Amino acid sequence: MALVVVGGGRRSGKSRYAQALASAHGPKLAFIGTMRPEDDEENPGKIAVARDERGSRFVTYEEPLEIVRVLEERAAFFDSVVIDDLTVWVSNLVMSGSRDPDAEAARFLDLAPRCGAEVVVVTSDVDFGFSVDSTESRQMRRVAGLINRQAAEAASRLYWMVFGIPKRIR
């Protein structure tokens, strides 16, 4: 099918726009959320609000690490799958220490453009306001920057969100 990338800064409207793009592609919709509720005291509330905003239109999978597995097993049942957020997923991989983030990113980038559904990825640019003090932060920034670049190169459509306004790059 196709890989669509929606990037931008925090609170720029990336998720909302990605869901609109997915909805325009067909009625059978899935959402893979990568945020872990236990990582921050605000996360459970953020997850609940996002789930309420999506409503029942999307079948939701909360999966902080195994997005490739979910795509392999489930994508063919949907017209479009939104993955929110690629940079959070990379951070989860780095912090778990149980997986090779580079290998997982390569697996994702191999599968996403050719799975049975359009894949719409939400991602953040890691060069805007991320602290890079720790080894994990530097590794996360390196892997996220690489996967963002590679996803943008592989994408059939690429959007950059600016103050809630989508700008189509390709």
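The values are calculated or read from the model by the stated rules, or taken from the named source; none is laboratory data. Note that the structure is a prediction, hence the values are computed from the model and not measured. Methodologically, a virtual Cβ is constructed for each residue, glycine included, from the backbone with ideal geometry; neighbour enumeration extends over all protein chains shown. Surface areas here come from the heavy atoms of the whole protein model, side chains and all, with no ligands, DNA or RNA. Shrake-Rupley method; radii C 1.70, N 1.55, O 1.52, S 1.80 Å.
Is it true that some residue in the stretch 4-26 is at pLDDT 80 or above, part of a helix (DSSP H, G or I), surrounded by 20 or more Cβ atoms within 10 Å (Cβ to Cβ) and not small (Gly, Ala, Ser)?
Yes, because at least one residue in the stretch 4-26 is at pLDDT 80 or above, part of a helix (DSSP H, G or I), surrounded by 20 or more Cβ atoms within 10 Å (Cβ to Cβ) and not small (Gly, Ala, Ser).
Against the definition (crowded, with 20+ Cβ neighbours inside 10 Å and not in a helix (DSSP H, G or I)), how does Val90 come out, yes or no?
no
Restricting to the stretch 93-132, name every residue that is open to solvent by 20 Å² or more (accessible area, probe 1.4 Å) and either small (Gly, Ala, Ser) or on the phi > 0 side of the Ramachandran plot (or both).
Ser96, Gly97, Ser98, Ala103, Ala106, Gly116, Gly129, Ser131 - these are the residues of the stretch 93-132 that are open to solvent by 20 Å² or more (accessible area, probe 1.4 Å) and either small (Gly, Ala, Ser) or on the phi > 0 side of the Ramachandran plot (or both).
Just wondering, is there one or more residues in the stretch 42-53 that are part of a loop (DSSP other than H, G, I, E, B) and farther than 26 Å from Gly164 by Cβ?
no
Confirm whether Arg57 is open to solvent by 70 Å² or more (accessible area, probe 1.4 Å) and either farther than 20 Å from Ala154 by Cα or in contact with a Phe, Trp or Tyr (Cβ under 7 Å, 6 or more places away or on another chain) (or both).
Criteria met by Arg57.
Consider the stretch 72-84. How many of its residues are under 12 Å from the mean Cα position of the chain (by Cα) and either in a helix (DSSP H, G or I) or free of Cβ contacts under 8 Å to residues at least 60 places away in the same chain (or both)?
2
Looking only at the stretch 87-129, count how many residues are under 20 Å from Met161 (Cβ atoms) and among the polar types (S, T, N, Q).
Summing the residues that are under 20 Å from Met161 (Cβ atoms) and among the polar types (S, T, N, Q) in the stretch 87-129 gives 4.
Is it the case that Val119 is modelled with pLDDT of 90 or more and either β-branched (Val, Ile, Thr) or over 18 Å from Ala22 (Cβ atoms) (or both)?
Taking the combined requirement at face value, the residue satisfies it.
From the residues in the stretch 133-170 that are open to solvent by less than 50 Å² (accessible area, probe 1.4 Å) and over 16 Å from Val6 (Cα atoms), which one is modelled with the highest pLDDT?
Among them, the one singled out is Val143.
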